[in-house]
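What follows is a single structure, written as structure tokens, with notes after it.
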Amino acid sequence: MAKTDKISSRFRKGIMAGLIAIIGATNVAISKTPKTYLESTLVSDYVARHGMFKKGTVNQNLVYVDFKNGFSGFAWGNYDFKENAVNEIDGGVSYAHNLTDELSANIGFQHWYYPSGEFGTYDNVFKAGLKLGGTIDLEYDLTHLLGHDETPTGDRHYFKASKTFNLGKISGTNVSITPSISTALLDDYYGTDGWSQITPGVSLDVSKGKWNLKAFINQQHGKVYDDLTWGGISLGYSF
């Protein structure tokens, strides 16, 4: 076996061992009362974080459950109005841990299922990331595709910087605005390499009690992918 194959084999075994530990520990975490967040978003176009997009309005729905102790899980779906079909359903589990007061790390596993067959059949991914809070919030996210017959093994390195400005309260409603900029580097990610895009954006958040309303717009300047201006509006509820 070649040296690179041995390294890849050890890496995959390490991933699986970590995921087994996450799933097993989740059984302990769910003994506490979980916190659930529901969100429905209407978006002008389907845009993946690495910059690939499919034009046409979509509805994206999220169920996120925080099991406490750092463990969480989610389910997410994308409905394409042009195709009149659900073309993606994702689910996953993750664990986040505060390394310092401002720095946190996370690790997890996600399964992406494509019921319409538009993007293939399915993909499994290993996730890891870092978040640093401060004057400017910084985020790094690694997506490692676990290759199979339809998808090659590959990586996406996603970077984001943002800053939230609280605009105050209006009749008991909290209002804030968050400008951001993001980019991604691809390494054989669905067969694509290189610097995918630079995407500045801004979101307006309005929250009151358990309700949250967000409007956002982003302008993608493509490198590997094309330029695109896209946005949307979402309504969320936590309980």
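Numbers below:
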{"item": "All positions within the range 154-192 that are touching a strand residue (DSSP E or B) at 6+ places or on another chain (Cβ under 7 Å), closer than 18 Å to K223 by Cα and not hydroxyl-bearing (S, T, Y)", "result": "D155, R156, H157, F159, K160, I181, A184, L185, L186, D187, D188"}
{"item": "Residues satisfying the stated conditions in the range 153-195, i.e. more than 21 Å from the chain's Cα centre (by Cα) and not polar (S, T, N, Q)", "result": "F165, L167, G168, K169, I170, G172, V175"}
{"item": "Flag if D187 is in a loop (DSSP other than H, G, I, E, B) and among the acidic types (D, E)", "result": "no"}
{"item": "Single match in K82, K68, K3, K13 (criterion: modelled with pLDDT under 95 and either within 30 Å of D226 (Cα to Cα) or crowded, with 17+ Cβ neighbours inside 10 Å (or both))", "result": "K82"}
{"item": "Members of the range 156-182 found to be part of a strand (DSSP E or B) and small (G, A, S), listed by number", "result": "A161, S162, G168, S176, S180, S182"}
{"item": "Selected residue (only one of G108, G73, G92, G51 is touching a strand residue (DSSP E or B) at 6+ places or on another chain (Cβ under 7 Å), at pLDDT below 95 and surrounded by 16 or more Cβ atoms within 10 Å (Cβ to Cβ))", "result": "G51"}
{"item": "Complete set of residues in the range 190-214 that are within 30 Å of L146 (Cα to Cα), assigned to a strand (DSSP E or B) and among the aromatic types (F, W, Y)", "result": "W195"}
{"item": "Complete set of residues in the range 215-236 that are crowded, with 18+ Cβ neighbours inside 10 Å and touching a Leu at 6+ places or on another chain (Cβ under 6 Å)", "result": "Q220, G232"}
{"item": "Test: residue in the range 76-86 that is closer than 28 Å to T57 by Cβ and among the aliphatic types (A, V, I, L, M)", "result": "yes"}
{"item": "Top-ranked residue of the range 193-229 - restricted to ones that are β-branched (V, I, T) and without any contact (Cβ under 8 Å) to a residue 40 or more places away in the chain, ranked as nearest to S162 (Cα to Cα)", "result": "V202"}
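Table: residues versus (1) of a type outside the set (V, I, T); (2) closer than 24 Å to S44 by Cα.
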residue	(1), (2)
I181	no, yes
L186	yes, no
G191	yes, no
V202	no, yes
K208	yes, no
N212	yes, yes
N218	yes, yes
H221	yes, yes
S234	yes, yes
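The values are calculated or read from the model by the stated rules, or taken from the named source; none is laboratory data. Keep in mind the model is a prediction, meaning the values are calculated, not measured. Glycine also receives a Cβ, built like all others from the backbone with ideal geometry; neighbour counts cover every protein chain displayed.
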